[in-house]
Amino acid sequence: MQLQRFCLFLGIRATTITLLLLAATSSSAKQPQVRVVLSEFPKSSLASSALKEQEAETSDNIDSQKALALHLQEIGAKMYGAYWCPYCKQQKQLFGKAFDEINYIECDPKGDNPQPELCRSAGITGFPTWEIKDQLYPGLHSLEELADLSEYQGDRNF
């Protein structure tokens, strides 16, 4: 809820700035130019409390993402993907920096560190595909789903 209010606040601020800039650029050349500096706008306590709350949540999220990624690594889970695949990019984004812990197999020969033969031998037909406990799970999966599929028992503040 706080995050929604914060986003609304940012939207109002952006609209105000846009209107000021439009007014400045649409007036005649003889008029003085308006210079908008973001730091001149007052900071709302709502925005600052929402930011603090978001930072705390982000910290918890990072810890949970990292713990899940390490769990997947420990059990030998693999994610097969391709550098050009938009769903693979989304899957990586769900993990954030913790994706560095994931055993990622690049299936396209043009990608970084490609291993297409591994993808063929595993029977990969689409991306992304997760291999967890000798089972293939094609498609984009939420962190919650990956936690369930891998029987992860840790914190789930994803």
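The values are calculated or read from the model by the stated rules, or taken from the named source; none is laboratory data. Bear in mind the structure is a predicted one, so any value in this text is a computation, not a measurement. Neighbour counts are summed over all protein chains in view; Cβ atoms, including those assigned to glycine, are modelled from backbone coordinates with ideal geometry.
Only a single item in (1) buried (at least 18 other Cβ atoms within 10 Å of the Cβ); (2) in contact with a strand residue (DSSP E or B) (Cβ under 9 Å, 6 or more places away or on another chain) is not met by Y83, and it is number (1). If you go through region 138-158 and keep only what is in contact (Cβ under 8 Å) with a residue 24 or more places away in the chain and outside any loop (DSSP other than H, G, I, E, B), you end up with L143, L146, A147. Would you please name the residue that is nearest to Y87 (Cα to Cα), looking only at residues in region 113-137 that are touching a strand residue (DSSP E or B) at 6+ places or on another chain (Cβ under 6 Å) and without any contact (Cβ under 8 Å) to a residue 40 or more places away in the chain? So, considering only residues that are touching a strand residue (DSSP E or B) at 6+ places or on another chain (Cβ under 6 Å) and without any contact (Cβ under 8 Å) to a residue 40 or more places away in the chain, the one nearest to Y87 (Cα to Cα) is G126.
If you go through region 103-119 one residue at a time, do you hit one that is surrounded by 15 or more Cβ atoms within 10 Å (Cβ to Cβ), among the charged types (D, E, K, R) and at pLDDT 95 or above? Yes, because at least one residue in region 103-119 is surrounded by 15 or more Cβ atoms within 10 Å (Cβ to Cβ), among the charged types (D, E, K, R) and at pLDDT 95 or above.
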